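Peer 1: Shown below is the structure under consideration.
The values are calculated or read from the model by the stated rules, or taken from the named source; none is laboratory data. The shown structure was predicted, so the numbers you read here are calculated from the model rather than taken from an experiment. Heads up, the Cβs are rebuilt from the backbone with ideal geometry, glycines too, and the neighbour counts pull from every protein chain shown. Accessible surface is based on the protein model in full, side chains and every heavy atom, while ligands, DNA and RNA are left aside. Shrake-Rupley method; radii C 1.70, N 1.55, O 1.52, S 1.80 Å.
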Amino acid sequence: MKLNDRALLQRMLTGSLLVGSNLASLWWGFPAFAVLFGLLAQVGLFEFYRMAVPRERRREYLASMLAGGILYLGMALSASGLVDHGWMVLMIPFCAFFLLVELYLNRDQPFAHVGLTFLGFIYIVLPFGLLSYLLFLPNSRYNPELVLGIFVFLWASDSAAYVVGRGLGRTKLFERISPNKTVEGSVGGILAALILGFWVMPVWCSSLTASQWLVVAALVSVAGVYGDLLESLLKRSFDRKDSGSLLPGHGGVLDRFDSLILSAPLVYAYLRLVHWG
């Protein structure tokens, strides 16, 4: 077997396991989903801080990872109704702690450290946590259809973009950031998601109308392209090829879920502001 064939097979096997675990967690119910994506969020935070922080100072971000885990847990419990939404006021002293502690640590560029800490929360924990809120729309009962739709659109657009890009890709989309991504591949991926959103998802899932699913498909597929580009920009900023090596053939958690990081908040905002405010 050639090296490229072996890498492709490895990528397909890892992707299949991820798809299977995501679907299984949705089927088993909210606790399983919350645990799985809580672990993924923690791994993503670890990858982010490992890229951003010099090796000799990484221990300083253990508190940030712990805080990120608490933030995700609070969002999950709040989304499921186990705790009141008012717990969010705790974010005020929570944020103040990371600002005030810099007075005592005597670090160079203290606000750069604070900025990296909060960026990890916003870039990783918030999108993963919002998936829990999507699971309880529109009537506060567990409803996996919306999150399933996001996953389906991401998988379809990613697969179609790869196939179309390999076969027809000629025009580079953002060559300085992601040399392999093409306009043709991106358009192919978006069209695949739109087709599923208008003709397939309304038949499978009744939570949204065909036109609403079409909007969600457009948001997910377009945001997925930019989410991928942003993660590539992040890696280039820290001179990294992959965010990690946990997922053979894909790299790290951030490499595999980069499209989700931008699309989940946009879908949540669209549904809450336009339909279920």
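Peer 1: When a/c reaches 1.5 or more, the comparison of a/b and b/c decides; with that in mind, is the stretch 135-238 rounded, prolate or oblate per its Cα gyration tensor?
Peer 2: Numbers: a/c = 3.27, a/b = 1.73, b/c = 1.89.
Since a/c reaches 1.5 but b/c is at least a/b, the shape of the stretch 135-238 is classed as oblate.
Peer 1: Computing the accessible area with a 1.4 Å probe over protein heavy atoms, can you report the carbon and sulfur percentage for the stretch 150-205?
Peer 2: Carbon-and-sulfur percentage of accessible area, whole number: 66.
Peer 1: When a/c reaches 1.5 or more, the comparison of a/b and b/c decides; with that in mind, is the stretch 68-187 rounded, prolate or oblate per its Cα gyration tensor?
Peer 2: Working: a/c = 5.07, a/b = 1.35, b/c = 3.75.
Oblate shape, in that a/c is at least 1.5 and b/c is the bigger or equal ratio.
Peer 1: Rounding to the nearest 20 debye, state how big the charge dipole of the stretch 33-110 is about its Cα centre with +1 on each Lys and Arg Cβ and -1 on each Asp and Glu Cβ. Could the numbers behind the result be given before it?
Peer 2: On the way: 6 positive and 6 negative charges, 50 e Å.
The calculated dipole for the stretch 33-110 is roughly 240 debye.
Peer 1: While we're here: Quote the charge dipole size of the stretch 132-277 about the Cα centre in Debye, to the nearest 20; the model charges only the Cβ of Lys and Arg (+1) and of Asp and Glu (-1).
Peer 2: That gives a dipole near 160 debye.
Peer 1: While we're on this one: Ignoring ligands, DNA and RNA, what accessible area per residue does the chain give at 1.4 Å, in Å²?
Peer 2: 53 Å²
Peer 1: Please state the shape class of the stretch 31-116: rounded when a/c is under 1.5, otherwise prolate if a/b exceeds b/c and oblate if not, all from the C-alpha gyration tensor.
Peer 2: Since a/c reaches 1.5 but b/c is at least a/b, the shape of the stretch 31-116 is classed as oblate.
Peer 1: Follow-up. With each run of n ≥ 4 DSSP H residues scored as -39500 (n - 2.57), what mean residue ellipticity at 222 nm is computed for the chain after dividing by its residue count and rounding to the nearest 500 deg cm²/dmol?
Peer 2: -22500 deg cm²/dmol
Peer 1: A further question follows. Just name one of S64, S157, I261: the one whose Cα is farthest towards the positive end of the charge dipole of the chain (beta-carbon charges, Lys/Arg +1, Asp/Glu -1).
Peer 2: It is S157.
Peer 1: Keeping all protein chains in the complex and leaving out DNA, RNA and ligands, what accessible area do you get for Y72 with a 1.4 Å probe, in Å² to the nearest 10?
Peer 2: Accessible area, nearest 10 Å²: 20 Å².
Peer 1: Mind checking which helices in the chain clear 20 Å along their axis (Cα) and have mean Kyte-Doolittle hydropathy of -1.0 or more, DSSP H runs only?
Peer 2: Qualifying helices: 3-28, 30-52, 62-79, 145-168, 210-237, 253-270.
Peer 1: With a 1.4 Å probe and all protein chains in place, put K235, K241 in order of accessible area, largest first.
Peer 2: Heavy-atom accessible area, descending, gives K241, K235.
Peer 1: May I ask you to derive the relative contact order of the stretch 1-153, considering only C-alpha pairs under 8 Å and at least 6 residues apart, and to give it as an integer percent?
Peer 2: Averaging sequence separation for qualifying contacts and normalising by length gives 29 percent for the stretch 1-153.
Peer 1: Quick one: with all protein chains in place, what share of the accessible area of the stretch 22-92 is carbon or sulfur, to the nearest percent (1.4 Å probe)? All intermediate terms of the calculation are to be shown ahead of the outcome.
Peer 2: Values: 2790 of 3800 Å².
The nonpolar share, carbon plus sulfur, comes to 74 percent.
Peer 1: Mind giving me the FRET efficiency for E60 and V163? R0 is 51 Å, r the Cβ-Cβ distance, nearest 0.05 is fine.
Peer 2: 0.70
Peer 1: Going by average Cβ neighbours within 10 Å, how do the peptides 170-183, 250-263, 98-111 rank, with the highest at the top?
Peer 2: Answer by packing, highest mean first, reads 250-263, 170-183, 98-111.
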